[in-house]
Amino acid sequence: MHTVDVALGQRSYQILVGSGLLAEAGRHIAAVLPPGRALIITDDSVAGIYLDPVARSLSAAGFAVSSATVPAGEQSKSFDQLARLCDECFRAGLERRSLIVALGGGVIGDLAGFVAATYLRGIPFVQAPTTLLAQVDSSIGGKTGINLPGGKNLVGAFHQPALVLADVAALATLDDRQFSSGLAEVVKHAMIRDAALFDLLEADAAKLLSRDPATLEKIVARNCGVKAAVVSADEREEGLRASLNYGHTVGHAVESVASYGVYTHGEAVALGLAAAAAIARSRGFIDDAVVVRQNKLLERFGLPTKLRRPLDTDALLEAMRHDKKVLSGRLRFVLPVAIGETRLVDDVTDAELRAALSCL
């Protein structure tokens, strides 16, 4: 098992990365939070596989366990589900020292985390991510929230978990498309901060795709280390943490304009990585070789660097203008300057964006 520290003063916590952690969740959680009432929030896809083992483990550790299930998919990040889950918290008798466990992928982590951030003005929660994307990215850093019809994660709060349990054994039950989706964030982390990780991904691509347990644990822990270092240095995205948005400006627009569910989050991010690299290449920040290496690795992992069918460029531009990363009317864009290094710019023009989108 690997342990990664997220250093945030009194809000510091650990990420545990290993195999079989969900079946031992109660023991690990009881080591950081006193047993009391606990509400597990999950979705109807994950519930049939992992809800009972996690609930049994919590009960054995002395927690009084309730559960609530939402439909799988991005549509559950809504005000309707938020209100329903707050009612479930009330029915479960949760108090300020009670616990919410977010058991599932990124949607569940964002939604359950926001419930924890808002119910009784904030109660503890634990991330128990079951997808690769959630294990390497969304479960770490305290970003929680729900969507509006006009864009993703426009309503939310920073609320750090008390613990993250990344059980790589859970990745065996992911379908290939969802597994590939998580690899987009893995490539992103390598591109923004860890050139040696990028080399490792190229060398170990076959092992990673075959879901070799030792390789998975190594890669997940390495990615958690990247995310933890950035979050520890810049918790609220005032500077360095903005680099984690590499690929997300265009990616979120693609998700929204194509209608949520047409592209997975990772597929949309991969398209965003390709677009951002195209802008960086046009500015002379990087050369063709960097673009080719990035896009070749994305494609090796089953991720798109071209749209399956055209999307309206004006609609994409409009979606980007409403992105959370707009500051004083300027759209902040993360662009690579080398493998392992990025630059934040706020002067990308519509012409540059249209040219990049045409590359997709």
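Derivation of every value follows stated rules applied to the coordinates shown; laboratory data play no part. Since we're looking at a predicted model, the values are computed, not measured. With ideal geometry, Cβ positions are generated from the backbone for all residues, glycine too; neighbour counts draw on all protein chains shown.
Considering only 127, 160, 81, the mean-square fluctuation computed in a Gaussian network model of the chain, springs between alpha carbons under 10 angstrom, is largest for 81. Axis angle, to the nearest 10 degrees, between helix 213-233 and the longest C-alpha principal axis of the chain: 80 degrees. With both labels modelled 7 Å from their Cα along Cα-to-Cβ, the residue 87 to residue 292 distance reads 5.8 nm. One chain, two ends: residue 31 and residue 351. Fully extended at 0.36 nm per residue, the span grows by 109.8 nm beyond their Cα-Cα distance. Only helical runs count toward this figure. For the chain, summing -39,500 (n - 2.57) over DSSP H runs of n ≥ 4 and dividing by all residues gives -13000 deg cm²/dmol at 222 nm.
The overall shape of the stretch 2-173 is rounded: from the C-alpha gyration tensor, with semi-axes ordered a ≥ b ≥ c, the ratio a/c is less than 1.5. Rounded, prolate or oblate: which fits the stretch 239-360 when a ≥ b ≥ c are the square roots of the eigenvalues of the alpha-carbon gyration tensor, with rounded for a/c under 1.5 and prolate only if a/b beats b/c? In terms of gyration-tensor shape, rounded. Stretching residue 206 away from residue 260 to a fully extended chain increases their span by 16.4 nm, per 0.36 nm per residue minus the current alpha-carbon distance.
Ranking 224, 68, 119 by Cα position along the charge dipole of the chain, where only Lys, Arg, Asp and Glu carry charges on their C-beta atoms, puts 119 farthest toward the positive end.
Across the stretch 191-358, Cα pairs under 8 Å and at least six residues apart give a relative contact order of 28 percent. Potential lengthening of the chain between residue 322 and residue 10 amounts to 109.0 nm, from the contour at 0.36 nm per residue minus the alpha-carbon distance. The C-alpha atoms of the chain define a longest principal axis, and helix 288-300 lies at about 40 degrees to it. Extending 7 Å from Cα along the Cβ direction at residue 344 and again at residue 234 yields two label points whose distance is 0.4 nm. Taking the stretch 247-277 and a reference point 7 angstrom along Cα→Cβ of residue 177, the backbone N atoms nearer than 13 Å belong to 260-268.
Cross-link pairs exceeding 29 Å in C-alpha to C-alpha distance, out of 143/207; 77/306; 207/227; 143/218, comprise 143/207.
Put simply, the amide H of residue 13, placed in the peptide plane, has neighbours under 5 Å in 6, 8, leaving out anything fewer than 5 places away on its chain. Here residue 95 and residue 75 are evaluated by their C-beta separation; at R0 = 35 Å the FRET efficiency comes out at 0.70.
Counting Cα-Cα pairs of the stretch 59-155 in 5 Å increments starting at 0 gives whole-percent bin shares of 3, 14, 25, 26, 20, 10, 2, 1, 0. Against the main long axis of the alpha-carbon atoms of the chain, helix 265-282 sits at an angle near 30°. Residues considered: 188, 143, 296. Largest GNM mean-square fluctuation over the chain, using C-alpha springs under 10 Å, is found at 296.
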